[in-house]
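Every number here is computed from the coordinates shown, using simple stated rules; none is lab data. This is a predicted model, so every value here is computed, not measured. Using ideal geometry, Cβ is built from the backbone for each residue, glycine included, and neighbour counts are taken over all protein chains shown.
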Amino acid sequence: MSGKTLIGKILAAHLVEGELVVGQEIKIRIDQTLCQDATGTMAFLELEAMGVERVRTELSVAYIDHNTCQFGPENPNDHLYLQSVAAAKGVYFSRPGNGICHQVHLERFDIPGKTLLGSDSHTPTGGGIGMVAIGAGGLDVALAMAGVPFSLRVPKVIGIKLTGKLRPWVAAKDVILHLLSMLSTKGNVGTAVEYFGPGVASLSVPERATITNMGTELGVTTSVFPSDAKTRAFLRAQGREHAWRALAADAHAVYDRVLEIDLGGVEPMAACPSSPDNVRRLAELGGIKVDQVIIGSCTNSSFKDLMMVAQVLKGRHVHPEVSLAIAPGSRQVLDMLARNGALADLIAAGARILESACGPCIGQGISPANDAVSVRTFNRNFAGRTGTKGDRCYLTSPETAVMAALTGRLTDPREGGLAYPVWRQPRHFLIDDSMVIPPPPPGTATPIVRKDTIGAPPACSPYPVTVDGDVLLKVGDKITTDHIMPAGEFLKYRSNIPAYAKAVFHPLNQEGQPTFAARAADVRDRGRQGVVVAGESYGQGSSREHAAICPMYLGVRLILALSIERIHAANLVNFGILPLIFQNRADYERLVQGAHVTIADVPGQLRSGAAVTLAAVLPDGTLFHFSCRHALTAEEVALVLAGGRLNVTGR
C-alpha cells in the first residue's frame with residue numbers, strides 16, 4: 001500500500017491547474033505572501049504597474065529588516081514608500097526593529113497546511129511549522145498578491161527519516177550542515193525535502209525552522225516538517241492555538257528517495273569558507289583561532305538559541321581577542337531576554353547587542369578585519385558576503401559559536417567542559433504586535449509616498465528574432481546572486497535600477513579594466529545583446545530578482561550555463577532573458593569572453609522544441625556550431641519573447 005507525502009497533500013489542497021506528476025507544471029493557490037525591504041520595494045512597484053487596487057491573498061506582510069542602517073535617504077525613502085503602499089494595498093507592515101521577516105512570520109503568522117510565497121529565498125523557514133513555503137522573485141510574489149496562482153514544476157520529494165535524539169552541544173544547525181555534506185548546494189533543482197520519523201518529535205519548532213531555513217542552501221524548492229504536538233505547543237504559547245491542525249505524511253508515503261539521519265550520531269559541524277556545503281566536523285579543524293563571532297540571522301536567532309547562549313555566558317566573559325555580536329531575531333525575542341535578565345547576562349559578558357534585523361548576514365556592518373576568522377550562525381558564507389574581500393567565514397551552531405567566543409578557538413563545543421543548558425519552551429511567549437501595522441479598511445483613501453530616489457521597474461523590449469550577441473563574461477560553477485548583484489554598500493540602490501546596475505558582477509571586475517556594467521552598456525548601445533556564459537548552479541543563493549533586472553537593463557538577454565538554479569531561472573524569464581543549458585560541457589569549455597554568439601529564428605526554435613542551435617565565432621576567428629536546450633513551458637516561452645512578464649501583465 002502506498003500513500004501521500006505531506007508536501008503532496010498540501011499541494012493537492014491548493015491545486016488550481018495541472019496534475020501532481022513529478023516534473024509537470026502546476027499552478028497553486030497562494031494563501032500568504034511576505035516581502036522584505038530589499039526586494040519588496042520593487043515588488044510593490046510591480047504590483048502598482050499591474051493596476052492592482054488591493055491584494056487578494058488571505059494575508060500579505062511587508063517587513064523592514066534588511067536595509068536598516070539608513071546611510072543617506074535612500075533606505076528611509078524606501079521604508080516610507082513601503083509603509084504607505086502596504087496600507088493602500090491591504091498589506092500588513094512590520095516596522096523597522098520588529099524583527100527578521102522569517103522569525104516574526106514564524107512567531108505570528110505561519111499556519112500549518114497553508115502556502116506561503118516570499119520574495120526572500122529563506123521563506124521555506126515556514127516549513128518548520130508545516131507550511132509549503134517557497135522563495136521566489138519579487139514579481140512572482142507581486143502576482144501572488146494580485147491573486148494569480150503560482151506556477152511551479154511538481155518536485156521530487158526526498159524523505160529524510162529522523163531517528164534518535166540530539167546529544168548535548170549538538171544542534172539543529174548541525175543536522176542541516178550534515179545534510180548539506182550529503183547533498184551539496186547544487187544538483188537539487190526540482191526537488192523538495194520532507195522530514196519524518198520518530199526523531200521529529202524530539203525537535204522543537206525553532207529547531208525545525210533552523211533546518212528548513214537552511215534547506216534553502218540545498219537548492220530545493222521547499223523543506224517541510226509535519227505539524228504535531230510540538231507545533232501545537234508552540235502555537236499555543238504564541239496565543240495562536242486556533243491555527244493549529246495535525247498534518248503528516250501517510251504511514252506508507254512514497255518518496256522519490258529516502259535518507260536516514262540518526263540524530264544521536266550527528267556531530268558538531270562547520271561550513272568552512274566559502275560555501276555552505278564545504279562542511280567538516282569540528283573535530284577535524286584543529287582549533288582554529290577565532291577573531292569574531294556573530295550569533296543571529298533568520299537561521300539561529302530564536303528565543304531558544306539566545307537563551308542557551310545567555311546561560312553559557314552568565315558569569316563568564318568573552319575571550320579578550322574575540323569580538324562577539326548578537327542580533328535577536330525579533331523584538332519578541334529581545335523583549336523576553338530583557339525581561340528575564342538574560343540580556344543583562346549577555347551584555348555583562350561583553351557581547352555587542354545588534355538590532356533585530358538581518359544586519360551582518362547580508363553585509364550590512366560588522367565586517368571582519370582583513371585575514372580575520374569570523375564564526376557566524378548564519379546560512380551563507382559566500383566569498384565577500386561579510387563585506388570583507390578574502391574573508392574567512394565559518395558557519396556553525398550557536399552552541400559552537402558561543403564556545404568559540406569564550407575560548408577564542410573553533411573547537412568541538414563538547415570539549416569545553418561545561419554543562420549543557422536545559423531548554424524548556426515558555427508556556428507563553430510575550431505577545432506585542434504593536435509594531436505590526438494592519439492596513440486600513442478597504443475604500444480608505446491612502447496616499448502613497450514616493451520620494452525621488454525611487455524609480456519604476458525598467459521596460460524591456462520584446463525578444464529579438466535573431467540574437468546577435470557578445471559574450472561579456474565567462475564564469476565557473478556556483479556563481480551566486482551575490483556575485484551578480486552584491487548587497488553590502490550597494491544595497492541601498494535596490495529601488496534605483498540605473499544606479500544599482502553599475503554594480504552588476506562588481507565582485508568579478510578586474511582592477512584597471514572596464515567594469516562589466518560599462519562593457520555591457522557599450523554592447524547594448526551598439527544594438528547587440530549581452531551574453532553570460534556560466535558553469536553549474538548559476539544563480540544560487542538569494543532570490544533577489546535584481547540579478548535579472550539589472551543585467552536586463554544593461555542589455556543582457558542570454559544566459560548559457562551548465563545548470564541554473566530554480567528561482568534565478570524564473571527571474572530571468574520574468575524579465576525577458578533567455579536561459580539556455582549546454583548540451584555538452586565541451587561547448588562550455590570552448591566558449592570564451594569576447595566570443596560572438598548568434599541564434600537564428602529564436603521564436604521558431606523555442607516553440608518547436610527543447611533544442612536550440614547556436615553559432616559562435618571565437619576571438620581568433622574560429623566558427624563553430626553547438627546546441628543548447630531550454631526547459632521553458634509554452635507560457636514561459638511567450639513571456640521571454642514578449643520581453644518579460646510585465647509586458648504581458650501590464651504596466
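Listed by chain and number, the aspartates and glutamates placed with their C-alpha closer than 12 angstrom to that of LYS289 are GLU321, ASP371; residues fewer than eight positions away on the same chain are left out.
Relative to the longest principal axis of the Cα atoms of the chain, helix 303-313 runs at roughly 60 degrees.
Lysines near LYS27 by alpha-carbon distance under 21 Å, same-chain residues fewer than 8 away left out - which ones? Within the straight-line limit of under 21 Å, LYS27 reaches these lysines: LYS4, LYS9, LYS114, LYS156.
The residues PHE196, PHE516, PHE575, when put in order of fewest to most other Cβ atoms within 10 Å, stand as PHE196, PHE516, PHE575.
Could you check what % of the DSSP bridge pairs in the range 289-416 are antiparallel, to the nearest 5? List each step's numbers first, then the result.
Details: 1 of 14 bridges.
So the antiparallel bridges amount to about 5 percent of the total.
Of GLN513, THR649, ALA569, which is farthest towards the positive pole of the range 467-649's charge dipole, taken about the Cα centre with +1 and -1 on the beta-carbons of Lys, Arg and Asp, Glu respectively? Positive-most Cα among the choices belongs to THR649.
In what sequence, highest mean first, do 638-646, 364-372 appear when ranked by Cβ atoms within 10 angstrom?
In decreasing order of mean packing, 638-646, 364-372 become 638-646, 364-372.
Compute the helix-to-body angle for 74-89: its Cα long axis versus the longest principal axis of the chain, expressed 0 to 90° and rounded to tens. With both axes taken from Cα atoms, the answer is about 90 degrees.
Helical runs (DSSP H, four residues minimum) scored at -39500 (n - 2.57) apiece and divided by the length of the chain put the mean residue ellipticity at 222 nm at -8000 deg cm²/dmol. Pull out a ≥ b ≥ c, the square roots of the eigenvalues of the alpha-carbon gyration tensor of the range 289-416, then state rounded if a/c is under 1.5, prolate if not and a/b is larger than b/c, and oblate in the remaining case. Here the range 289-416 falls in the oblate category.
So if we plug the beta-carbon distance of GLN425 and THR633 into 1/(1 + (r/R0)^6) with R0 = 35 Å, what FRET efficiency do we get, rounded to 0.05?
E between GLN425 and THR633, to the nearest 0.05, is 0.20.
For the range 112-119, backbone phi angles converted through the Karplus equation (6.51, -1.76, 1.60; θ = phi - 60°) give residue-by-residue couplings of x, x, 8, 10, 9, 10, x, 7 Hz, Gly and Pro being listed as x.
Shown is the FRET efficiency for MET182 and GLN24, computed with R0 = 35 Å from the Cβ-Cβ distance and rounded to the nearest 0.05: 0.80. The trypsin sites (Lys or Arg not before Pro) of the range 333-425 meeting both criteria, a DSSP state outside H, G, I, E and B (loop) and at most 11 other C-beta atoms within 10 angstrom of the site's C-beta, are LYS389, ARG424.
In units of 2.2 N^0.38 Å, what is the alpha-carbon radius of gyration of the range 407-477? Intermediate values should be presented prior to the final figure.
Working: Rg = 28.0 Å, N = 71, 2.2 N^0.38 = 11.1 Å.
After normalising by residue count via 2.2 N^0.38 Å, the value is 2.52.
Amide H contacts under 5 Å for GLY113: MET131, VAL132, restricted to partners 5 or more places along the chain or on a different chain, H placed in the peptide plane at 1.01 Å from N. Look at where the Cα atoms of the range 68-116 and of the range 287-348 average out, and the two centres are 24 Å apart. Inter-part distance, the range 243-261 to the range 209-242, computed on C-alpha centroids, equals 14 Å.
Compute the long axis of helix 516-525 from its Cα atoms, compare it with the longest principal axis of the Cα atoms of the chain, and write down the angle in degrees, 0 to 90, nearest 10. The angle comes out at about 30 degrees. Direction-averaged projected area, Cα convex hull, the range 31-175: 10.5 nm², rounded to one decimal. As a proxy for reagent exposure, TYR463, TYR394 were ordered by neighbouring Cβ count within 10 angstrom, fewest first; the result is TYR463, TYR394. Computed about its Cα centre, the charge dipole of the range 467-649 is approximately 280 debye, with only Lys, Arg, Asp and Glu carrying charge at their Cβ.
Can you list the lysines whose alpha carbon sits under 22 Å from that of LYS304, skipping same-chain ones fewer than 8 residues off? LYS304 reaches LYS165, LYS173, LYS230, LYS314. Beta bridges per DSSP, both residues in the range 467-649: antiparallel share near 50 percent.
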